[in-house]
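A short write-up of the structure that comes next.
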Amino acid sequence: MTLYIQKFLRHLFLLWFRARNIRLVVEGNAYIPQNRAALIIAINHQTVLDPFVAAVAFPRALYPIHFLGARWFLSPILFFLALVGIVPLFYKLCGVITVHRGRGIEKNIAPALEILKKNGIIALFPEGKRDNTNNTHPFKRGVAVLMRLSHAPVLPLHIAYDKKDVHVTAGPLLYITTNDEREEDTLERIHDACAALGASRNTF
(Lines give C-alpha, C1' and ligand atoms only; values in the text may rest on other atoms or scores of the structure.)
Protein backbone atom coordinates (compact mmCIF):
# COMPACT_ATOMS: atom_id res chain seq x y z
CA MET A 1 0.00 0.00 0.00
CA THR A 2 2.87 2.39 0.82
CA LEU A 3 4.12 2.22 -2.75
CA TYR A 4 0.75 3.23 -4.22
CA ILE A 5 0.18 6.01 -1.68
CA GLN A 6 3.61 7.50 -2.39
CA LYS A 7 3.02 7.39 -6.14
CA PHE A 8 -0.40 9.03 -5.65
CA LEU A 9 1.11 11.80 -3.49
CA ARG A 10 3.84 12.32 -6.08
CA HIS A 11 1.20 12.81 -8.77
CA LEU A 12 -0.78 15.12 -6.48
CA PHE A 13 2.21 17.35 -5.79
CA LEU A 14 3.15 17.54 -9.46
CA LEU A 15 -0.38 18.75 -10.19
CA TRP A 16 -0.10 21.27 -7.32
CA PHE A 17 3.18 22.59 -8.74
CA ARG A 18 1.60 23.05 -12.15
CA ALA A 19 -1.53 24.68 -10.74
CA ARG A 20 0.60 27.22 -8.88
CA ASN A 21 3.03 27.63 -11.76
CA ILE A 22 5.91 26.37 -9.63
CA ARG A 23 8.88 25.10 -11.59
CA LEU A 24 10.75 22.10 -10.20
CA VAL A 25 14.39 22.20 -11.28
CA VAL A 26 16.41 19.04 -10.63
CA GLU A 27 20.17 19.37 -11.02
CA GLY A 28 22.70 16.57 -10.80
CA ASN A 29 20.36 14.01 -12.32
CA ALA A 30 23.35 11.92 -13.32
CA TYR A 31 24.05 11.25 -9.63
CA ILE A 32 20.53 9.97 -8.87
CA PRO A 33 20.34 6.18 -9.21
CA GLN A 34 17.73 4.97 -11.67
CA ASN A 35 17.35 1.50 -10.17
CA ARG A 36 16.51 0.35 -6.66
CA ALA A 37 19.44 -0.55 -4.44
CA ALA A 38 20.38 0.22 -0.85
CA LEU A 39 20.67 4.01 -0.60
CA ILE A 40 20.68 6.71 2.08
CA ILE A 41 19.55 10.19 1.03
CA ALA A 42 20.82 13.06 3.22
CA ILE A 43 18.79 16.24 2.75
CA ASN A 44 18.91 19.77 4.16
CA HIS A 45 15.71 20.82 5.93
CA GLN A 46 13.91 24.13 5.36
CA THR A 47 10.16 23.49 5.39
CA VAL A 48 7.58 20.77 5.99
CA LEU A 49 7.33 20.48 2.20
CA ASP A 50 10.88 19.11 1.90
CA PRO A 51 9.98 15.38 2.04
CA PHE A 52 7.38 15.83 -0.70
CA VAL A 53 9.70 17.91 -2.88
CA ALA A 54 12.52 15.38 -2.49
CA ALA A 55 10.22 12.48 -3.32
CA VAL A 56 8.86 14.21 -6.43
CA ALA A 57 12.43 14.78 -7.67
CA PHE A 58 13.13 11.04 -7.73
CA PRO A 59 11.98 8.62 -10.44
CA ARG A 60 9.04 6.40 -9.55
CA ALA A 61 11.27 3.34 -10.08
CA LEU A 62 12.94 4.14 -6.74
CA TYR A 63 9.69 4.09 -4.77
CA PRO A 64 8.92 3.44 -2.00
CA ILE A 65 11.29 5.84 -0.23
CA HIS A 66 11.22 5.56 3.55
CA PHE A 67 11.76 8.83 5.38
CA LEU A 68 12.79 9.16 9.00
CA GLY A 69 10.39 11.50 10.82
CA ALA A 70 10.16 12.94 14.31
CA ARG A 71 7.38 11.77 16.62
CA TRP A 72 6.80 15.24 18.08
CA PHE A 73 7.17 18.76 16.69
CA LEU A 74 7.83 22.27 17.94
CA SER A 75 5.18 23.68 15.59
CA PRO A 76 1.86 23.95 17.52
CA ILE A 77 -0.15 22.77 14.52
CA LEU A 78 2.05 19.75 13.86
CA PHE A 79 2.21 18.98 17.58
CA PHE A 80 -1.59 18.92 17.73
CA LEU A 81 -1.82 16.70 14.63
CA ALA A 82 0.67 14.32 16.22
CA LEU A 83 -1.23 14.39 19.51
CA VAL A 84 -4.56 13.41 17.96
CA GLY A 85 -2.97 10.63 15.92
CA ILE A 86 -3.09 12.12 12.43
CA VAL A 87 0.69 12.26 12.03
CA PRO A 88 1.22 8.64 13.19
CA LEU A 89 -1.47 7.47 10.75
CA PHE A 90 0.12 9.43 7.91
CA TYR A 91 3.51 7.98 8.82
CA LYS A 92 2.13 4.44 8.76
CA LEU A 93 0.44 4.86 5.39
CA CYS A 94 3.49 6.51 3.81
CA GLY A 95 6.11 4.17 5.27
CA VAL A 96 7.76 6.81 7.46
CA ILE A 97 10.03 5.50 10.23
CA THR A 98 9.29 7.30 13.49
CA VAL A 99 12.26 8.67 15.43
CA HIS A 100 11.76 9.01 19.19
CA ARG A 101 13.87 11.44 21.20
CA GLY A 102 15.76 9.77 24.02
CA ARG A 103 15.33 6.30 22.54
CA GLY A 104 18.94 6.02 21.38
CA ILE A 105 20.42 5.93 17.90
CA GLU A 106 20.67 2.15 17.63
CA LYS A 107 16.97 1.59 18.37
CA ASN A 108 15.84 4.50 16.19
CA ILE A 109 17.75 3.37 13.11
CA ALA A 110 17.12 -0.37 13.51
CA PRO A 111 14.07 -0.35 11.17
CA ALA A 112 16.06 1.66 8.62
CA LEU A 113 18.88 -0.88 8.70
CA GLU A 114 16.43 -3.68 7.98
CA ILE A 115 15.08 -1.79 4.96
CA LEU A 116 18.60 -1.13 3.65
CA LYS A 117 19.44 -4.83 3.98
CA LYS A 118 16.57 -5.49 1.55
CA ASN A 119 17.92 -2.94 -0.97
CA GLY A 120 15.49 -0.30 0.24
CA ILE A 121 15.93 3.47 0.24
CA ILE A 122 16.10 5.66 3.35
CA ALA A 123 15.82 9.47 3.35
CA LEU A 124 16.54 11.67 6.35
CA PHE A 125 17.27 15.22 7.43
CA PRO A 126 20.54 15.02 9.40
CA GLU A 127 20.30 18.58 10.73
CA GLY A 128 17.46 17.40 12.96
CA LYS A 129 15.56 20.68 12.64
CA ARG A 130 14.19 23.08 10.05
CA ASP A 131 15.87 26.32 9.01
CA ASN A 132 14.39 28.45 6.23
CA THR A 133 17.81 29.54 4.95
CA ASN A 134 20.25 27.81 2.63
CA ASN A 135 22.73 27.39 5.49
CA THR A 136 23.67 23.82 6.38
CA HIS A 137 23.82 23.30 10.13
CA PRO A 138 25.83 20.61 11.96
CA PHE A 139 24.55 17.09 11.36
CA LYS A 140 23.39 14.64 13.99
CA ARG A 141 25.52 11.50 14.06
CA GLY A 142 22.68 9.14 13.10
CA VAL A 143 23.35 9.42 9.35
CA ALA A 144 27.00 8.44 9.83
CA VAL A 145 26.08 5.50 12.07
CA LEU A 146 23.52 4.32 9.53
CA MET A 147 26.05 4.56 6.69
CA ARG A 148 28.79 2.74 8.61
CA LEU A 149 26.52 -0.10 9.78
CA SER A 150 24.79 -0.63 6.43
CA HIS A 151 27.69 0.25 4.09
CA ALA A 152 25.04 1.81 1.85
CA PRO A 153 26.12 4.86 -0.16
CA VAL A 154 24.86 8.31 0.79
CA LEU A 155 23.36 10.65 -1.79
CA PRO A 156 23.71 14.31 -0.68
CA LEU A 157 20.69 16.39 -1.68
CA HIS A 158 19.99 20.09 -1.32
CA ILE A 159 16.61 21.80 -1.66
CA ALA A 160 16.31 25.55 -2.23
CA TYR A 161 13.19 27.66 -2.70
CA ASP A 162 13.41 30.70 -4.97
CA LYS A 163 10.15 32.57 -5.55
CA LYS A 164 8.31 30.36 -8.04
CA ASP A 165 11.14 27.86 -8.48
CA VAL A 166 12.13 24.88 -6.36
CA HIS A 167 15.69 23.70 -6.92
CA VAL A 168 16.75 20.17 -6.01
CA THR A 169 20.47 19.52 -6.38
CA ALA A 170 22.05 16.07 -6.06
CA GLY A 171 25.74 15.43 -5.53
CA PRO A 172 28.03 12.45 -6.15
CA LEU A 173 27.41 9.33 -4.08
CA LEU A 174 29.51 8.96 -0.94
CA TYR A 175 30.89 5.58 0.08
CA ILE A 176 32.66 4.10 3.10
CA THR A 177 36.27 4.25 1.97
CA THR A 178 37.95 2.27 4.74
CA ASN A 179 36.66 0.15 7.60
CA ASP A 180 38.72 2.14 10.09
CA GLU A 181 37.34 5.55 9.10
CA ARG A 182 36.29 7.40 12.24
CA GLU A 183 32.61 8.16 12.70
CA GLU A 184 33.26 11.88 13.01
CA ASP A 185 35.16 11.81 9.70
CA THR A 186 32.25 10.02 8.00
CA LEU A 187 29.84 12.59 9.39
CA GLU A 188 32.06 15.46 8.26
CA ARG A 189 32.25 14.08 4.70
CA ILE A 190 28.46 13.82 4.46
CA HIS A 191 27.92 17.28 5.96
CA ASP A 192 30.52 18.94 3.73
CA ALA A 193 29.03 17.35 0.60
CA CYS A 194 25.56 18.68 1.45
CA ALA A 195 26.93 22.09 2.46
CA ALA A 196 28.83 22.36 -0.84
CA LEU A 197 25.58 21.87 -2.76
CA GLY A 198 24.01 24.70 -0.77
CA ALA A 199 27.03 26.94 -1.33
CA SER A 200 26.90 26.37 -5.08
CA ARG A 201 23.19 27.24 -4.99
CA ASN A 202 24.00 30.56 -3.26
CA THR A 203 26.42 31.53 -6.00
CA PHE A 204 23.75 31.55 -8.72
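The values are calculated or read from the model by the stated rules, or taken from the named source; none is laboratory data. Bear in mind the structure is a predicted one, so any value in this text is a computation, not a measurement. Every residue, glycine among them, receives a Cβ derived from its backbone with ideal geometry; neighbour counts consider all protein chains shown.
For segment 26-39, state whether one or more residues are of a type in the set (Gly, Ala, Ser), at pLDDT 90 or above, closer than 19 Å to THR169 by Cβ and out of contact with any Asp or Glu (no Cβ under 7 Å at 6 or more places or on another chain). Within segment 26-39, one or more residues are of a type in the set (Gly, Ala, Ser), at pLDDT 90 or above, closer than 19 Å to THR169 by Cβ and out of contact with any Asp or Glu (no Cβ under 7 Å at 6 or more places or on another chain). In a residue-by-residue description of segment 169-181, the property of being in contact (Cβ under 8 Å) with a residue 40 or more places away in the chain, surrounded by 20 or more Cβ atoms within 10 Å (Cβ to Cβ), part of a helix (DSSP H, G or I) and not small (Gly, Ala, Ser) applies to no position. Looking across segment 128-145, the residues that are outside any loop (DSSP other than H, G, I, E, B) and either among the aliphatic types (A, V, I, L, M) or out of contact with any helix residue (DSSP H, G or I) (no Cβ under 9 Å at 6 or more places or on another chain) (or both) come down to VAL143, ALA144, VAL145. Across segment 146-168, what is the total count of residues that are at pLDDT 95 or above and either part of a loop (DSSP other than H, G, I, E, B) or over 16 Å from ALA42 (Cβ atoms) (or both)? Matching residues across segment 146-168 total 2.
Residues that are surrounded by 17 or more Cβ atoms within 10 Å (Cβ to Cβ) and either in contact (Cβ under 8 Å) with a residue 60 or more places away in the chain or under 23 Å from ALA30 (Cβ atoms) (or both) within segment 115-127 comprise LEU116, GLY120, ILE121, ILE122, ALA123, LEU124, PHE125, PRO126, GLU127, listed in sequence order. Out of THR136, THR98, one residue alone is hydroxyl-bearing (Ser, Thr, Tyr), surrounded by 12 or more Cβ atoms within 10 Å (Cβ to Cβ) and closer than 21 Å to ALA199 by Cβ. It is THR136.
Please name all residue pairs, on different chains or six or more residues apart, with Cβ atoms under 6 Å, provided the first residue is in segment 76-98 and is at positive phi and the second residue is outside any strand (DSSP E or B) and surrounded by fewer than 17 Cβ atoms within 10 Å (Cβ to Cβ). Matching pairs, first to second residue: GLY95/THR2.
For the residues LEU197, LEU187, the requirement of being in contact with a helix residue (DSSP H, G or I) (Cβ under 6 Å, 6 or more places away or on another chain), surrounded by 14 or more Cβ atoms within 10 Å (Cβ to Cβ) and in a helix (DSSP H, G or I) singles out LEU187.
A Cβ distance below 7 Å, combined with a sequence gap of six or more or placement on separate chains, defines the contacts here; from segment 143-162, residues that are over 30 Å from ARG23 (Cβ atoms) reach residues that are of a type in the set (D, E, K, R) and not in a strand (DSSP E or B) in the pairs ALA144/GLU183; VAL145/GLU183; ARG148/GLU183. Among residues belonging to segment 87-114 that are under 14 Å from PRO51 (Cβ atoms) and part of a helix (DSSP H, G or I), point out the one that is modelled with the lowest pLDDT. For segment 87-114, the residue satisfying everything is VAL87. Exactly one residue out of ASN35, ASN29, ASN21, ASN44 is crowded, with 19+ Cβ neighbours inside 10 Å and in contact (Cβ under 8 Å) with a residue 24 or more places away in the chain: that is ASN44. The residue that is farthest from THR98 (Cα to Cα), counting only those in segment 142-159 that are surrounded by fewer than 21 Cβ atoms within 10 Å (Cβ to Cβ) and within 15 Å of the chain's Cα centre (by Cα), is PRO153. Please determine whether any residue of segment 58-71 is over 14 Å from the mean Cα position of the chain (by Cα) and either buried (at least 18 other Cβ atoms within 10 Å of the Cβ) or at pLDDT below 85 (or both). Checked against the condition, which is being over 14 Å from the mean Cα position of the chain (by Cα) and either buried (at least 18 other Cβ atoms within 10 Å of the Cβ) or at pLDDT below 85 (or both), segment 58-71 yields at least one hit.
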